[in-house]
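Undergrad: Below are the structure tokens for one structure; questions will follow.
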Amino acid sequence: MEAFKVIGNGPLKGEVRVPGAKNSVLKLMAAAIMAEGKTTLTNVPDILDVEIMAELLRRLGCEVTHETKTSTVTITVPKVIGHKADYDLVRKMRASISVLGPLVARCGEADIAMPGGDAIGSRGLDIHMQGLEKLGCHVHSEHGYLIVRAENGLAGANIALDFPSVGATENVVMAAVLAKGNSTIDNVAREPEIVDLCQMLVAMGAKIKGIGTSVLEIIGVPKLNPTNHNVVPDRIVAGTWAIAAIMTQGDITIHGVKPSDMELVLEKLRDTGAEIKSVEDRLNVSMNKKPKAVDIVTLPYPGFPTDLQPQMIALNSIAEGSAMVTENLFEARFRFVNELARLGADGKINGHHCLVKGKNKLSGAPVEATDVRAGASLVLAGLVADEVTYVTEVHHVDRGYDNFVENLTNLGAKVERVNI
């Protein structure tokens, strides 16, 4: 199998560029099917999940090209598209569920296989379904598929989400913009990726008020038009590189970021003792001493992102002192801690809390990536461990990090992809 071979090699130094956000581009690609014609996305990351979503759209009848040299995806949508998303693709990537709202809005029906993706805990689709039912859909499951029908079309409604779910917000909003009449959606997610999606929908002709707040007001329109859109920077990748600089006591300049989307993250990283300077779309993160352990609590945006929780546990594992990490979104995300313990980390799990006691050194060992962020975090831990660390199941990292090994190598790390 493929693995990352990681050898601890001192501070990471240099420059790195952040691509468009994984958590945004996949939903933007799904939104493109709502308008006949050619939609172009720029600042697209070269990651495995983009290829999976591209293939899913092709099976629905679209033409999709991904130019990695120009970081561009072009989606040409026909007048008539399919409405079935098959299991062999959907099981690989949970974001496939984001075609549900667009298909119901465009076709009045959708058959979507139950999604797969990262093994970080149960992520039910109840909130998605409740929102779509309010808009006039009939929903049931059959033979491993979600069957959604809107025989009489979609009609605007007042909807209050039980939880500010990112995926549910995206699906309900994309369905509502093509519904007849007005909709008010309360308790929506406010992540920068939600704002990015709404801004693209507005560029396509949707009428949405309250973007960036917890309440969206939508006036349904009869059709949308194709557009060109630049994907928002990936704040999780930016955070990963910042944490890498702190863990290795290095100095990294990160280009192409949006610091205003990372205010709480940067505040927590400064608490470790790091020096962080932000200028327009650039961050410089430097550390010249052992970091201090920092407590974090994951919450929906603008709270601390769950997708940076594993990286913070890795940081705390080699920091001065102890810290409590509380995970409020995904109950199985602490699976990663068991792998980190193989490197000598001291993490005690109690429910959705993990007490991490900093160690002077970690020691290299074979470990397994359990999800996208866990895989990246294990590599970071390997960078500050004695001898050699092998991280397997690297396809997880490929799903979310553009040119991961190349970027690390350019920063001075000793990391390579090998077969073992």
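The values are calculated or read from the model by the stated rules, or taken from the named source; none is laboratory data. This is a predicted model, so every value here is computed, not measured. FYI the Cβ positions are ideal-geometry reconstructions off the backbone, even for glycines, and counts take in every protein chain you see.
Undergrad: Mind telling me which of the residues LEU56, LEU60 ends up being touching a helix residue (DSSP H, G or I) at 6+ places or on another chain (Cβ under 9 Å), of a type in the set (A, V, I, L, M) and over 22 Å from HIS395 (Cα atoms)?
TA: Values: LEU56 fails: over 22 Å from HIS395 (Cα atoms).
None of the other options fit; the residue is LEU60.
Undergrad: Please go through segment 277-305 and give me each residue that is crowded, with 18+ Cβ neighbours inside 10 Å and touching a residue at least 40 places away in the same chain (Cβ under 8 Å), ordered by number.
TA: LEU283, VAL285, MET287, PRO291, ALA293, PRO300, TYR301, PHE304, PRO305
Undergrad: Could you check segment 45-136 for strands (runs of 3 or more DSSP E) lying wholly inside it with 1 or more residues that are surrounded by 15 or more Cβ atoms within 10 Å (Cβ to Cβ) and of a type in the set (S, T, N, Q)? Let's see the steps before the verdict.
TA: Working: elements: 63-67, 72-77, 109-113.
In segment 45-136, the matching strands (runs of 3 or more DSSP E) lie at 72-77.
Undergrad: Something else now. Might you let me know whether segment 157-176 holds any residue that is outside any helix (DSSP H, G or I) and touching a Ser or Thr at 6+ places or on another chain (Cβ under 6 Å)? Break it down into steps so the answer makes sense when it comes.
TA: Narrowing segment 157-176 to residues outside any helix (DSSP H, G or I): 157-165.
Of the ones still in play, those that are also touching a Ser or Thr at 6+ places or on another chain (Cβ under 6 Å) are 157-158.
Yes, there is a match, as at least one residue in segment 157-176 is outside any helix (DSSP H, G or I) and touching a Ser or Thr at 6+ places or on another chain (Cβ under 6 Å).
Undergrad: For segment 331-354, give me each residue that is part of a strand (DSSP E or B), out of contact with any Gly (no Cβ under 7 Å at 6 or more places or on another chain) and in contact (Cβ under 8 Å) with a residue 12 or more places away in the chain. Quick ask: steps written out before the conclusion?
TA: So in segment 331-354, the residues part of a strand (DSSP E or B) come out as 346-350, 353-354.
From the residues that got through so far, the ones that are out of contact with any Gly (no Cβ under 7 Å at 6 or more places or on another chain) too are 346-350, 353.
Within segment 331-354, ASP346, GLY347, ILE349, HIS353 qualify.
Undergrad: Hey, another quick one. Take PRO259 and tell me if it is in contact with a Ser or Thr (Cβ under 7 Å, 6 or more places away or on another chain) and farther than 28 Å from PRO102 by Cα. Spell out the reasoning first.
TA: Details: in contact with a Ser or Thr (Cβ under 7 Å, 6 or more places away or on another chain): yes; farther than 28 Å from PRO102 by Cα: yes.
Criteria met by PRO259.
Undergrad: Out of ASP402, ASP398, ASP371, ASP386, which single residue is in contact with a His (Cβ under 7 Å, 6 or more places away or on another chain) and in contact (Cβ under 8 Å) with a residue 12 or more places away in the chain? Steps first, answer last, please.
TA: Numbers: ASP402 fails: in contact with a His (Cβ under 7 Å, 6 or more places away or on another chain); ASP398 fails: in contact with a His (Cβ under 7 Å, 6 or more places away or on another chain); ASP386 fails: in contact with a His (Cβ under 7 Å, 6 or more places away or on another chain).
Being in contact with a His (Cβ under 7 Å, 6 or more places away or on another chain) and in contact (Cβ under 8 Å) with a residue 12 or more places away in the chain holds for just one of ASP402, ASP398, ASP371, ASP386, which is ASP371.
Undergrad: I would also like to ask the following. In this structure, does PRO222 turn out to be closer than 30 Å to VAL405 by Cα and of a type outside the set (A, V, I, L, M, F, W, C)? Quick ask: steps written out before the conclusion?
TA: Details: closer than 30 Å to VAL405 by Cα: no; of a type outside the set (A, V, I, L, M, F, W, C): yes.
No: the conditions fail for PRO222.
Undergrad: In segment 28-44, what count of residues is obtained for those that are outside any strand (DSSP E or B) and more than 21 Å from the chain's Cα centre (by Cα)? It would help to see each step written out before you state the result.
TA: Initial filter on segment 28-44 (outside any strand (DSSP E or B)): 28-36, 43-44.
Then keep just the ones that are more than 21 Å from the chain's Cα centre (by Cα); that gives 34-36.
The number of residues fulfilling the criteria is 3.
Undergrad: Let me ask something else. Keeping to segment 357-385, report how many residues are assigned to a helix (DSSP H, G or I) and either surrounded by fewer than 23 Cβ atoms within 10 Å (Cβ to Cβ) or outside the structural domain of LYS414 (by TED's automatic domain parsing) (or both).
TA: 0
Undergrad: Next question, about the same structure. Which one of the conditions (1) in contact with a helix residue (DSSP H, G or I) (Cβ under 6 Å, 6 or more places away or on another chain); (2) in contact (Cβ under 8 Å) with a residue 40 or more places away in the chain does ILE7 fail to meet, given that it meets all the rest?
TA: Exception for ILE7: condition (1).
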